[in-house]
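Chemist: Could you have a look at this structure, given as structure tokens, before my questions?
The values are calculated or read from the model by the stated rules, or taken from the named source; none is laboratory data. These numbers were taken from a predicted model, which means no experiment stands behind them. As a convention, Cβ positions derive from the backbone with ideal geometry for all residues, glycine included, and neighbour counts pool all protein chains shown. Accessible surface is based on the protein model in full, side chains and every heavy atom, while ligands, DNA and RNA are left aside. Shrake-Rupley method; radii C 1.70, N 1.55, O 1.52, S 1.80 Å.
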Amino acid sequence: MRANAAGYAMRRFPGRRLVSDMYRTAGLQDEIVELIPALRAFARSFHRNANDADDLVQETLAKALANLDQFDQGTRLKSWLFTIMRNTFCTKFRITRREAPGANKCVSGDGVAQPSQEWTIRAKELEEACNLLPEHYRSVLQYVVIEGRSYDAAAERFGCAIGTVKSRINRARQQLAARLGEDTH
């Protein structure tokens, strides 16, 4: 008879809950509060970051409280909550994988590429300026600066002192800077 009365009340007043349902809901809410530490521990198995795990717990609790009427009395509340959490995580994971912004290399993140024309022109100007240097400056500059050899090796190759090599490189740099319009100071 009681089941029929409850069924009648739900059909007749669908927006209202019976008093017994309200007590049941309040009891379930208390049990859910007791299970929050277990939910946090389970969420940590999905997320290493504590904030992400707490967000997952919060979303699970919100879904569970919104759907308490779907919980079957006689089943384990903890299992029901864990299932909600697992399904929430899987759904978010699928969405994130499908809609991840910036997952692939995108040219929008590269910034502005500088034009290469200026460097090409500057390289030609440098080459022309180097060709105008006296031979003894140009050869020492190429040997030490461009080829990356030591001052000792240059002094040996050109048959002069290390100080002379350093002096020739310095004068070559000054002449290049003057021809290219660069300030040497």
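Chemist: For Asn131, work out the one condition from (1) at pLDDT 85 or above; (2) within 28 Å of the chain's Cα centre (by Cα) it doesn't fulfil.
Modeler: (2)
Chemist: Still on this structure, please answer the following. Provide a single number: the residues in region 160-170 that are open to solvent by 60 Å² or more (accessible area, probe 1.4 Å) and either closer than 15 Å to Leu133 by Cβ or among the polar types (S, T, N, Q) (or both).
Modeler: Of the residues in region 160-170, 1 are open to solvent by 60 Å² or more (accessible area, probe 1.4 Å) and either closer than 15 Å to Leu133 by Cβ or among the polar types (S, T, N, Q) (or both).
Chemist: Scan region 144-154 for residues that are open to solvent by 30 Å² or more (accessible area, probe 1.4 Å) and in contact with a helix residue (DSSP H, G or I) (Cβ under 6 Å, 6 or more places away or on another chain) and report the count.
Modeler: 2
Chemist: Could you give every pair whose Cβ atoms fall below 7 Å, whose first residue belongs to region 64-82 and is part of a loop (DSSP other than H, G, I, E, B), and whose second residue is not aliphatic (A, V, I, L, M), counting only separations of at least 6 or pairs across chains?
Modeler: Phe71/Trp80
Chemist: Continuing with this model, one more query. For region 87-104, indicate whether the set of residues that are modelled with pLDDT of 90 or more and surrounded by 14 or more Cβ atoms within 10 Å (Cβ to Cβ) is non-empty.
Modeler: Yes: region 87-104 contains one or more residues that are modelled with pLDDT of 90 or more and surrounded by 14 or more Cβ atoms within 10 Å (Cβ to Cβ).
Chemist: Please enumerate the residues belonging to region 143-162 that are in a loop (DSSP other than H, G, I, E, B) and hydrophobic (A, V, I, L, M, F, W, C).
Modeler: Cys160, Ala161
Chemist: As an exercise: evaluate Arg157 against (1) farther than 30 Å from Leu39 by Cβ; (2) of a type in the set (Lys, Arg); (3) open to solvent by less than 90 Å² (accessible area, probe 1.4 Å) and give the number of the one condition it does not meet.
Modeler: Just one mismatch for Arg157, condition (3).
Chemist: Would you call Leu141 modelled with pLDDT of 90 or more, closer than 23 Å to Arg179 by Cβ and open to solvent by 70 Å² or more (accessible area, probe 1.4 Å)?
Modeler: no
Chemist: So which of Glu118, Glu125 ends up being exposed (fewer than 10 other Cβ atoms within 10 Å of the Cβ) and on the phi < 0 side of the Ramachandran plot?
Modeler: Glu118
Chemist: So which of Gln175, Gln114 ends up being among the polar types (S, T, N, Q) and assigned to a helix (DSSP H, G or I)?
Modeler: None of the other options fit; the residue is Gln175.
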